[in-house]
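Participant: What follows is a single structure, and I will ask about it in a moment.
Every number in this text was worked out from the coordinates using simple rules, so none of it is lab data. No experiment lies behind these values; they were computed from the predicted model shown.
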Amino acid sequence: MTPGKAADEYYGAIEEEFVRRRGATMLLSPRDWTLIGEWKEAGVPLRVVLQGIKNVFDSFEARAPTGRRINSLSYCRQEVQVLHEIYRSLHAVEAGRPAPGGTNAVGAAAMARHLGRLHRRVRLAMAAASLARRDPLVAGLAQIGAEMKRLRKAIKDGGFDPIGLEDRLRRFDDEMLEAARVSLEPGALAGLQAAAGEALGAAAGRMTPEAREVTRKARLARLLRDLCGLPRLTLFD
């Protein structure tokens, strides 16, 4: 992939996600394009920018009056910066280096805020599961929520090594999906499994058995999240 093509895809993916979440067609302003250029120049990974946009819109939609919209990508600037600090801090720690620019405290605070956001989403999912009488999922989410709360406190107190944070979140996510599977009636689960297999379509014949199974499981996980209103427990989608 040429550098020019990579840059075009970076700009295009951010524009597409922002316009999609805004819910109405609009053209990005010159200021917005300049901001994307600044992120690109600073080496902010695309997935970090997309996660920042997601976080901002999720928070805005939860509290803003109906009909209000975010009209500029600059509204996402601070969130992207915070997530990039988390990203840089974690990668520095994993490589055995000090966090860049002495941002250990900043990175820890940003991680704690992100965990707080995920914890609130877990609690919302638990309330929905309770209304749907999915007791195994309620129990699983309650345990995950309690562990996330302890983890957030440990990070704020400086008592947790962030090197394993993403692995810990992946474990929570796997446990949450397993609890969701167990909570469904056999017929409902069979329906989701069939839908996950059918979604592969003609592409299934071109995949190796291993790739086909990985893709099927990913589709099933997405269907479970949609059905049960589950968040994705990760630092970056």
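Participant: By how many nm would the segment from Asp167 to Arg212 lengthen if fully extended, with 0.36 nm per residue of separation less the alpha-carbon distance?
Facilitator: 13.8 nm
Participant: OK, next. Calculate, in nm to one decimal, what Arg68 and Asp135 gain on full extension: separation in residues at 0.36 nm each, minus their alpha carbon distance.
Facilitator: Going from the current span to full extension adds 20.5 nm.
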